[in-house]
Amino acid sequence: MMEGWRVLITGASSGIGREVALEFARKGAQLILAARRMDALRQVREQINTALPGAPDPLVVSCDVSDSKNVKKLVEISVRRFKGIDVLVNNAGIGVYGDTGLTALADFRAVMDVNFFGSVRCILEVLPYMKKEGRGLIVNVASVAAMYGVPFLGAYCASKAALVALSQSLRAELSGSGVSLMIVYPGYTQTEFFWKEKKVGRVRRPRGPYSSPVKVAKAIVKAVQCQKRNLVLSLEGKTLPLFQGILPLLIERVMERIAFQLRDGQEVSHV
Ligand SMILES: NC(=O)c1ccc[n+]([C@@H]2O[C@H](COP(=O)([O-])OP(=O)(O)OC[C@H]3O[C@@H](n4cnc5c(N)ncnc54)[C@H](OP(=O)(O)O)[C@@H]3O)[C@@H](O)[C@H]2O)c1
């Protein structure tokens, strides 16, 4: 159980973040839920309070992670209220899907600003408190798309690969400090992410299989309890690094084929 754990989750208003919040609440954690949509956050809070009457009442805070002042305020409010943060889950994320060569610079920047800099902002604000306490965990929700640049996800893959690189650097630097870092690599998960993502052109998305956000959330919270350092959540994610090491040309060919089929309007499965 996680009674007394203070857990701050960004992007808690829907999808994986909402399910992670529910799963932490079941374990008795004190939650701080952040996102831009306050109405959706309040619904998550209500859901927790109704389903789990004994669980601590979550604090909901409106926060746009692409705004440094918002993030600073989020962390200040959280620390003032709960005297610290034990777990930071950097989950807020957005996507752009379509021809990478036709994607506007503003869209590259927007994705980086949420997926990469949004996490950086939260880390820079939370880390001093964790270091002072000599303990804490940062969970960065990356993606299998961080492992290899997949077709029509250039901006998204770049933002998640940057997050992984930053996480690895920071993890080494934090060694011995009591603060640890976990990288999560979800595969395709059935959430509203796909209907909110910006579309560039008319390229198809691969059809499933998609995992459920409940399954992903349960795996994340279990991995936190087991102090895992990396959590890879799909078969593609588990096999891709192996093939990349031994048959890199095969992966290139598969990616080219997927790009061709998706542009051509054909149905394809994932990698
Ligand atoms: N779904 C997948 O297949 C998949 C696969 C791999 C990785 N992921 C990653 O998993 C994470 C969660 O995605 P999801 O699938 O659960 O999608 P989702 O349902 O769309 O959730 C995204 C969350 O991020 C929040 N968000 C977006 N922009 C924000 C901003 N500027 N400031 C604060 N919060 C913001 C959204 O809340 P508001 O709109 O209320 O701000 C929402 O709560 C993302 O990092 C995504 O990249 C998803």
Task: Given (1) buried (at least 20 other Cβ atoms within 10 Å of the Cβ); (2) farther than 14 Å from VAL89 by Cβ; (3) more than 11 Å from the ligand (Cβ to nearest atom), number of the condition LYS131 does not satisfy - done: (1)
- [ ] Determine which member of the set GLY95, GLY28, GLY11 is more than 9 Å from the ligand (Cβ to nearest atom), out of contact with any Cys (no Cβ under 7 Å at 6 or more places or on another chain) and not basic (Lys, Arg).
- [x] GLY28
Task: the stretch 14-25, subset in a helix (DSSP H, G or I) and among the small types (Gly, Ala, Ser), residue farthest from the ligand (Cβ to nearest atom) - done: ALA25
TODO: List the strands (runs of 3 or more DSSP E) that sit entirely inside the stretch 148-243 and contain at least 3 residues that are hydrophobic (A, V, I, L, M, F, W, C) and more than 13 Å from the ligand (Cβ to nearest atom).
DONE: 179-185
Open item on the list: Here's a check for you: in the stretch 31-53, which residue that is touching a residue at least 12 places away in the same chain (Cβ under 8 Å) and away from the ligand (no atom under 12 Å from the Cβ) is farthest from PHE193 (Cα to Cα)?
Closed with: LEU52
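Going through VAL200, VAL216 one at a time, which residue ends up being under 28 Å from PHE108 (Cα atoms) and out of contact with any Gly (no Cβ under 8 Å at 6 or more places or on another chain)? Explain how you work it out, then say what you get.
On the way: VAL200 fails: out of contact with any Gly (no Cβ under 8 Å at 6 or more places or on another chain).
Exactly one residue qualifies, and that residue is VAL216.
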Open item on the list: Looking only at the stretch 54-70, count every residue that is away from the ligand (no atom under 13 Å from the Cβ) and either touching a helix residue (DSSP H, G or I) at 6+ places or on another chain (Cβ under 7 Å) or acidic (Asp, Glu) (or both) and tell me the total.
Closed with: 4
Open item on the list: With the condition being modelled with pLDDT of 95 or more and farther than 25 Å from ALA165 by Cα, I'd like the strands (runs of 3 or more DSSP E) fully within the stretch 38-144 carrying at least 2 qualifying residues.
Closed with: 59-62
- [ ] Name every residue in the stretch 202-216 that is in contact with a helix residue (DSSP H, G or I) (Cβ under 6 Å, 6 or more places away or on another chain) and of a type outside the set (Val, Ile, Thr), in order of residue number.
- [x] ARG204, PRO213
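The values are calculated or read from the model by the stated rules, or taken from the named source; none is laboratory data. No experiment lies behind these values; they were computed from the predicted model shown. Using ideal geometry, Cβ is built from the backbone for each residue, glycine included, and neighbour counts are taken over all protein chains shown.
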